[in-house]
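Notes to accompany the following structure.
The values are calculated or read from the model by the stated rules, or taken from the named source; none is laboratory data. The structure presented is a predicted model; accordingly, all values stated were derived computationally and were not measured. Using ideal geometry, Cβ is built from the backbone for each residue, glycine included, and neighbour counts are taken over all protein chains shown.
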Amino acid sequence: MEIKFCPICAAELIEREDAQQADKLRLSCPDEHWTHWDNPLPVLAALVELDGRILLARNAAWPEKTFALITGFMERGETPEQGVARELKEETNLDADQISLIGVYEFIKKNEVIIAYHVKASGEVKLSEELLEFRLISPEKLRPWNAGTGHAMADWMRSRGLTPEFMEWPEK
């Protein structure tokens, strides 16, 4: 989403130097009512383990044969752990039985910070309309991608004594 107008007075935003960081340009109100900081968004990611296998899903907007972790945004008033459990339930109908942090990862391309968890889950998979299909893959056959949540998958694999073999993320 591109922000063009001040949410206080509706004036068109202008670029100006940040007072504390002269090398940074920020969009701000010409009357100094508001500044758009453009901070990264926290994104939650779940490496979902179901019956010893890892669930990967394909988003409706992705090319065929492109599968990844379950992800979503935190909501106001929830912890990251509550948020990842909620996203898992909303997108797959699975229940989060155990949640443990894998790590925190930059995703500069999308201006996001990824908080990734290993989630042991139970239940029957029923995908939301956001997701078209899923696969259950044994951990040793996972092939992480060299960006975003792929780094979390690789770190999780290493923690299990597995050597990740990276793949290229398909372009649209």
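Here the stretch 151-169 is the region considered, the condition is being within 18 Å of residue 106 (Cα to Cα) and modelled with pLDDT of 95 or more, and the residue that is surrounded by the most Cβ atoms within 10 Å (Cβ to Cβ) is 153. With respect to the numbered conditions (1) surrounded by fewer than 19 Cβ atoms within 10 Å (Cβ to Cβ); (2) among the hydroxyl-bearing types (Ser, Thr, Tyr); (3) touching a helix residue (DSSP H, G or I) at 6+ places or on another chain (Cβ under 7 Å), which one is the sole condition not fulfilled by residue 117? Failing condition for residue 117: (1).
Can you tell me which residue within the stretch 40-63, out of those that are in a loop (DSSP other than H, G, I, E, B) and in contact with a Pro (Cβ under 9 Å, 6 or more places away or on another chain), is surrounded by the most Cβ atoms within 10 Å (Cβ to Cβ)?
Restricting attention to the stretch 40-63, the residues satisfying the condition of being in a loop (DSSP other than H, G, I, E, B) are 40, 51-52, 60-63.
Still in the list and also in contact with a Pro (Cβ under 9 Å, 6 or more places away or on another chain): 52, 62-63.
Numbers: 52: 9, 62: 16, 63: 11.
Among them, the one singled out is 62.
Taken over the stretch 67-111, the criterion of being among the hydroxyl-bearing types (Ser, Thr, Tyr) and surrounded by 16 or more Cβ atoms within 10 Å (Cβ to Cβ) is satisfied by 71, 92, 105.
Do you know which residues across the stretch 13-27 are out of contact with any Leu (no Cβ under 6 Å at 6 or more places or on another chain), outside any loop (DSSP other than H, G, I, E, B) and not β-branched (Val, Ile, Thr)?
Filtering the stretch 13-27 down to residues out of contact with any Leu (no Cβ under 6 Å at 6 or more places or on another chain) leaves 14, 16-26.
Narrowing the set further to residues that are outside any loop (DSSP other than H, G, I, E, B) leaves 14, 16-17, 25-26.
Residues satisfying the conditions are 16, 17, 25, 26.
Rundown of residues vs (1) of a type in the set (Gly, Ala, Ser); (2) more than 12 Å from residue 69 (Cβ to Cβ), yes/no style:
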| site | (1), (2) |
| --- | --- |
| 102 | no, no |
| 121 | yes, yes |
| 131 | no, no |
| 138 | yes, yes |
| 141 | no, yes |
| 153 | no, no |
| 159 | yes, yes |
